[in-house]
Amino acid sequence: MLIQNENIEILDLNFKNLSEIPSEVFSLKNLKKLLLYGNKLEVLPKEINKLKNLECLDLRDNLLCSLPQELGELVNLKSLYLSNNKIQSFPSSIKKLENLNKIVFINNDLKVIPKILFEINSLKRLILRNNKIEDLSEDIQFLVNLRNLDLKNNCLKDLPKELSVLKNLRSLSLKGNYIFKLPFEMKNLRKIDF
């Protein structure tokens, strides 16, 4: 692959049958959006940290099992798309991403929401549908900026009352779980898809 323009801001490498990210991608200092949807990536290389201006990283539909600690160095990252991989945990460095406001993590067979996610105070949208999550930690209360929480099609049986302290929460999607009763404290939530 030969990249002609080093000033490129959006790079679409969707459905290119890539098993690794071409090394020249990491020299694109102005890159804001990197689309790698529908490839065969098994590893996100630590060189990802060279993309300091990256705001959107789309890694949906790959074969990733983990993420490197260097991901936490992408200080401008706002959106992270990780659906349809095999990821079960996040690096501890992810809490350093002070601009990260959206994580889409659908179809990863996740059973437990990694505690580190509850330390990303900037999160506004957390999409965790179609996993196998059995419990929602009371630590959810620390996501004070959360506006949209999508937990459709998981294995939840109940919800912590601490959800009610999330004053910015506008939408809570719970269809396809085993929840038959909501905590009384949640009566003021604007939209519950139950």
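The values are calculated or read from the model by the stated rules, or taken from the named source; none is laboratory data. It should be emphasised that the depicted structure is a prediction, and the values quoted were computed from it without experimental measurement. Methodologically, a virtual Cβ is constructed for each residue, glycine included, from the backbone with ideal geometry; neighbour enumeration extends over all protein chains shown. Surface accessibility is based on the protein's heavy atoms, side chains included, excluding ligands, DNA and RNA. Shrake-Rupley method; radii C 1.70, N 1.55, O 1.52, S 1.80 Å.
Within segment 33-62, residues that are modelled with pLDDT of 95 or more and β-branched (Val, Ile, Thr) have Cβ atoms under 9 Å from residues that are open to solvent by 10 Å² or more (accessible area, probe 1.4 Å) and not in a loop (DSSP other than H, G, I, E, B) in these pairs: 48/26; 48/70; 48/73, counting only partners at least 6 apart in sequence or on another chain. Whenever a residue of segment 71-89 is under 18 Å from residue 106 (Cα atoms), its partners that are of a type in the set (Phe, Trp, Tyr) and part of a loop (DSSP other than H, G, I, E, B), lying with C-beta atoms within less than 7 angstrom and at least six residues away or across chains, give the pairs 82/105; 83/105. All of 108, 130 fail the test of being among the polar types (S, T, N, Q), at pLDDT 95 or above and either touching a Gly at 6+ places or on another chain (Cβ under 9 Å) or closer than 28 Å to residue 32 by Cβ (or both), apart from 130.
Just to be sure, is residue 100 closer than 22 Å to residue 171 by Cβ and modelled with pLDDT under 95?
Working: closer than 22 Å to residue 171 by Cβ: yes; modelled with pLDDT under 95: no.
For residue 100, the condition - closer than 22 Å to residue 171 by Cβ and modelled with pLDDT under 95 - is not met.
When residue 178 is tested against (1) of a type in the set (Ser, Thr, Tyr); (2) within 14 Å of the chain's Cα centre (by Cα); (3) open to solvent by 80 Å² or more (accessible area, probe 1.4 Å), exactly one condition is not met: (2).
Among the residues of segment 173-187, is any closer than 28 Å to residue 77 by Cα, of a type outside the set (Asp, Glu), modelled with pLDDT of 90 or more and part of a loop (DSSP other than H, G, I, E, B)? Yes, segment 173-187 has at least one match. For residue 88, the criteria (1) open to solvent by 50 Å² or more (accessible area, probe 1.4 Å); (2) modelled with pLDDT of 95 or more; (3) polar (S, T, N, Q) hold in every case but one, which is (2).
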